[in-house]
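Please read the structure below before turning to the comments.
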Amino acid sequence: MRFTAAAKVFVLFGDPVEHSLSPAMQNAALQAAGIDGLYIPWRVKSADLPTAFESLRGMENFGGANVTLPHKEQAAVLVDTLTKEAASVGAVNTVVARGGRLLGANTDGQGFLRSLHEEADYLPRGKPAVILGAGGAARAVSVGLAEAGAEEIVIVNRTIERAQSLAEFVNRETGVSAVGLGLDDPRMPARVRNCALMVNTTSVGLSPSDPPSIDPSLLQPGMLVYDLIYRPLETALLREATKRGCQVMGGLGMLLYQGALAFELWTGQKPSEEAMRQALVAAIA
Ligand code: NAP
């Protein structure tokens, strides 16, 4: 990678950040676009995030930032303005410098929808969806699906209060019917069997020895099973879903597209998605 002393600096805020694939992917995009810039991970504790954001305002060669766990919600209150998506999700994964002000965007939901559409040929409109998990990723995915016209969204989570609170949030923000259930709710099996799309947004599956995040006997042929996890590329859930005749999709596409959208917001240019994908695959390997 080559850059000069006038290089634009792009940063990733998180804690931890060492595991992130974004530096590999975004540096590949900068290089492919011939941009004099570099993308670096910046590990920062929550208590220090306000100071880190303040320093961006004075950095004249600031190119843009990403925000990852656990800072996405906090970042939403540290920027000056929010895009519509970031405001409706209440979280920021991308920061853009606009005329000395910081704009907070969230590209996770759009990245997910684009992956669904382009890689799985799936359009959510009029179809019921089940989301496993109720954390930050579930929030972006459920709001994205609701805004794309999903018929009903069922959120299933280990901690039922979080499932119910996210369902109320989706209902209130989008007007789409949403229900929050616990893992042992008697209504859950039928909702899973009858859905067109099931999305795993839990972290169950990150370890190769993790079991599927739901009883695989509920999965039906023809259903699309999407796992946000991208490392490993195939989780136990996806393996079981494939055996049962489901269409399956891992999280690499969402990672790529949310990053491509961020790059476009920072630079005004479409990145080489091929270079980004190759960098991701190499980093995972
Ligand atoms: P988060 O806010 O910490 O939420 C984690 C969720 O997983 C919660 O719903 C939690 O349930 C559930 N969970 C954790 N351990 C569990 C267990 N042992 N059994 C059952 N449920 C469990 O994390 P996040 O930001 O939403 O991220 C979730 C996953 O999505 C991560 O694997 C992340 O890598 C992935 N992700 C991928 C992309 C992409 O671009 N592909 C983007 C964002 C996130 P409780 O509420 O009960 O704790």
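It is to be established whether one or more residues within the range 217-233 are over 30 Å from A105 (Cβ atoms) and touching a Leu at 6+ places or on another chain (Cβ under 9 Å). Break it down stepwise before answering.
To start, the set of residues in the range 217-233 that are over 30 Å from A105 (Cβ atoms) comprises 217-223.
Restricting the remaining residues to those that are touching a Leu at 6+ places or on another chain (Cβ under 9 Å) gives 219, 223.
There is at least one residue in the range 217-233 that is over 30 Å from A105 (Cβ atoms) and touching a Leu at 6+ places or on another chain (Cβ under 9 Å).
Within the range 106-123, the set of residues being in contact (Cβ under 8 Å) with a residue 40 or more places away in the chain and either assigned to a helix (DSSP H, G or I) or surrounded by fewer than 24 Cβ atoms within 10 Å (Cβ to Cβ) (or both) comprises D108, Q110, G111, F112, R114, S115, L116, E118, E119, A120, Y122.
Any residue at all in the range 178-190 that is within 17 Å of Q110 (Cα to Cα) and surrounded by fewer than 22 Cβ atoms within 10 Å (Cβ to Cβ)?
No, the conditions are met nowhere in the range 178-190.
Taking the numbered list (1) surrounded by fewer than 22 Cβ atoms within 10 Å (Cβ to Cβ); (2) at pLDDT below 95; (3) not assigned by TED's automatic domain parsing to the domain that holds G58 in turn, G149 passes all entries but (2).
Limited to the range 2-11, what total is found for residues that are closer than 11 Å to Y39 by Cβ and either charged (D, E, K, R) or crowded, with 20+ Cβ neighbours inside 10 Å (or both)? Of the residues in the range 2-11, 3 are closer than 11 Å to Y39 by Cβ and either charged (D, E, K, R) or crowded, with 20+ Cβ neighbours inside 10 Å (or both).
All conditions in (1) open to solvent by 10 Å² or more (accessible area, probe 1.4 Å); (2) outside the structural domain of D227 (by TED's automatic domain parsing); (3) assigned to a helix (DSSP H, G or I) hold for A86, with the sole exception of (1).
For the range 30-82, a residue qualifies if it is part of a helix (DSSP H, G or I) and acidic (D, E), and the qualifying residues are D48, E54, E73. For A137, the requirement of being in contact (Cβ under 8 Å) with a residue 60 or more places away in the chain, in a helix (DSSP H, G or I), open to solvent by 10 Å² or more (accessible area, probe 1.4 Å) and among the aliphatic types (A, V, I, L, M) is met.
The values are calculated or read from the model by the stated rules, or taken from the named source; none is laboratory data. Just so it is clear, the structure is predicted and the values come from calculations on it, not from any experiment. No Cβ is skipped: glycine too gets one built from the backbone with ideal geometry, and neighbour counts run over all protein chains shown. Surface accessibility is based on the protein's heavy atoms, side chains included, excluding ligands, DNA and RNA. Shrake-Rupley method; radii C 1.70, N 1.55, O 1.52, S 1.80 Å.
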